[in-house]
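Have a look at the structure below before the remarks.
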Amino acid sequence: MSTRRSWVVLALAAATTLTTLPAASAGNTKLPPSQGVVDLQIIQYSDWHGQLDPLSVFGEGTFGGAAQLATYFRQEEANNPNTLIITGGDDFGASPPLSSFFDEAPAVLAQNLMGTDVSALGNHNFDKGVDHLQEMVNLADYAYLGANLENVDANVQGIEPYEIFHFPGIKVAVIGVTNEEAPTLVFPGSFGTINITDAAEAAQAIRDDLARKGVDVFILVAHKGLRTTSPDTGELIDLANAVEGFDLVLGDHTDVQFADTINGALVVENRSKGRTYSRISLQVKTGKGGVLSKTVEFVDPVSDAVEPDPAVAALLQPFRDELGPILETVVGASTVEIPRADSCGQSAGRICESLVGDVATDAMRTVYSTDFAITNAGGLRASLTCPATDVVGDFCAAFTPPPYPITQGQVLTVLPFGNVVATLTLDGSELKAFLENGVAGMPGAAGQFAQVSGLCFTYDIDAAPGSRVSGAVRQAADGSCTGAAVDLTAGSSYTLAINDFMASGGDGYPVVISRVTTREFMDQVVADYIEAQGTISPSIEGRITCVGATCPVPTP
């Protein structure tokens, strides 16, 4: 059972709006071991996804960016030399073009300059297979950890189960684990012959062995996060409850800000892509005295509140110069902003209909003249329109809306995986299986959540997964949900556009890869569709209707 401590509540209340850093002071500087206490500082950022440029957050501002985070982190280290900088995987993969266009090398090189000490491995680190991961590990000056990766050495060299760090009078162990479902979230074969074992069992065995060897502080960093809050649920909670003797458990993967004391450990997760980072202090008594206290603050790293680190800016400039002429091309415009967030306010668009989901699926269905289209929300990674507040260094020029321009770079930022559209013919019962999988993770925000076009469907969130979809109708010509009923039985036949990741069984969708016709890259399909339209005006049309007591609530 999770026990929330008063110091956590106070730290959260005080830090959620924190944007500036304290000046260095005697109270934060290194304490020599003769004084008996070491102030160990952990700087944690989560699920970074190669967000090299500042992140524009709808209604909130711009945050992070590699050069800006490097400045923040340098100041943190200046305030306390006893600092580790840790992240938990997906630090590259599903990245914006400035990283993905160059096979993710800019993200790893930037993290070197940001001072990163440790990263666990997440599912997106394997997006391009083990040979590509080897290249990234070779580029990194920091440690990649995978304690629960069985047979890893036969596939990738240089990944260790843990790393030991020495500070005055104490030894600190950082153990890294990967989410067990990771192979289902990437293309089949991306893990080579690596098997993922139980994270808790692997971490516990290493922790107990290191305790016998005199390690003082135990940190577990996992590519696991929360699924829901109030109540708090998710793989990170389960992991923290399943292990013993850890001082700190750091999460990742789900874009949730969280801090709590669980099973004696401080458990922390940050918002993704540099939206927040956490400043964690562990007061450690030397001489095997253990951790005396733990506190956490969340920092909002407002991008324009600091000067970008010049070394990081210089590193990235040649990549910008090469990309600019390609990605600054305007392919169309929208009369309204098209955010990644959905109509219920979920930032990753994973619990309700979203405008970016509507446009992407409309493009797939229209270009290939299928009856319907479905895409997984986890494949839609950004806002489609250029940000109204200009972000220096992105691939959008400054403008005054409306309309909102859409550039080739923005389209590629939304769809960074290189997926292609796949079309097939299927019966109504198979279509229902796709829709059922699309809402099986509810009420948690899951990448499998289905964004759809050509149909509107209703599901009961309180019914058992697999038996939730109660019906569907076709969209009328005006987009309204007033068309004929869709027959969700085996006696019907329809054409469907999906992406090749889904067709291969990604995110738990039915495996239909042997039956599909592969088409063009999704990003090009969407760009061509927008260019043909010129200016689009998408609106939330009620394509996904939830019934039941625990349905998400649309926001104005």
Where in the stretch 478-556 are there strands (runs of 3 or more DSSP E), lying wholly inside it, with at least 2 residues that are of a type in the set (S, T, N, Q)? 494-499, 517-521
Could you list all residues from the stretch 154-192 that are touching a strand residue (DSSP E or B) at 6+ places or on another chain (Cβ under 8 Å) and of a type in the set (D, E, K, R)? E160, E163, K171, E180
The condition from (1) of a type in the set (G, A, S); (2) within 21 Å of H253 (Cβ to Cβ); (3) at pLDDT 95 or above that A446 misses is numbered (3)
Do we have G245 as at pLDDT 95 or above, on the phi > 0 side of the Ramachandran plot and surrounded by fewer than 16 Cβ atoms within 10 Å (Cβ to Cβ) here? yes
Scan the stretch 285-312 and report the pairs whose first residue is under 18 Å from L52 (Cβ atoms) and whose second residue is of a type in the set (D, E, K, R) and modelled with pLDDT of 95 or more, with Cβ atoms within less than 8 Å and a gap of 6+ or a chain change. D309/R74
In the stretch 156-172, is there at least one residue being free of Cβ contacts under 8 Å to residues at least 60 places away in the same chain, of a type in the set (K, R) and under 29 Å from L40 (Cβ atoms)? yes
Determine, yes or no, whether T254 is closer than 26 Å to P161 by Cβ and not in a strand (DSSP E or B). yes
So, restricting to strands (runs of 3 or more DSSP E) that lie completely within the stretch 381-453, which ones have at least 2 residues that are among the hydrophobic types (A, V, I, L, M, F, W, C)? 420-426, 450-453
Looking at T407, T385, which is the one that is modelled with pLDDT of 95 or more, in contact with a helix residue (DSSP H, G or I) (Cβ under 9 Å, 6 or more places away or on another chain) and over 28 Å from P552 (Cα atoms)? T407
Residue pairs, Cβ under 8 Å, 6 or more apart or interchain, first in the stretch 207-233 and assigned by TED's automatic domain parsing to the domain that holds K285 and under 17 Å from G88 (Cβ atoms), second assigned to a strand (DSSP E or B) and at pLDDT below 95. List them. L226/T233; R227/T233
Candidates V473, V516, V486, V553, filtered to the one that is more than 25 Å from R340 (Cα to Cα), among the hydrophobic types (A, V, I, L, M, F, W, C) and modelled with pLDDT under 95: V516
Within the stretch 160-175, identify whether any single residue is in a helix (DSSP H, G or I), under 22 Å from the mean Cα position of the chain (by Cα) and assigned by TED's automatic domain parsing to the domain that holds G129, and answer yes or no. no
Specify the residue that is surrounded by the most Cβ atoms within 10 Å (Cβ to Cβ); the eligible residues are those in the stretch 75-99 that are part of a helix (DSSP H, G or I) and in contact with a Phe, Trp or Tyr (Cβ under 8 Å, 6 or more places away or on another chain). S99
Does L426 count as more than 17 Å from G349 (Cα to Cα) and of a type outside the set (D, E, K, R)? yes
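The values are calculated or read from the model by the stated rules, or taken from the named source; none is laboratory data. Just so it is clear, the structure is predicted and the values come from calculations on it, not from any experiment. Heads up, the Cβs are rebuilt from the backbone with ideal geometry, glycines too, and the neighbour counts pull from every protein chain shown.
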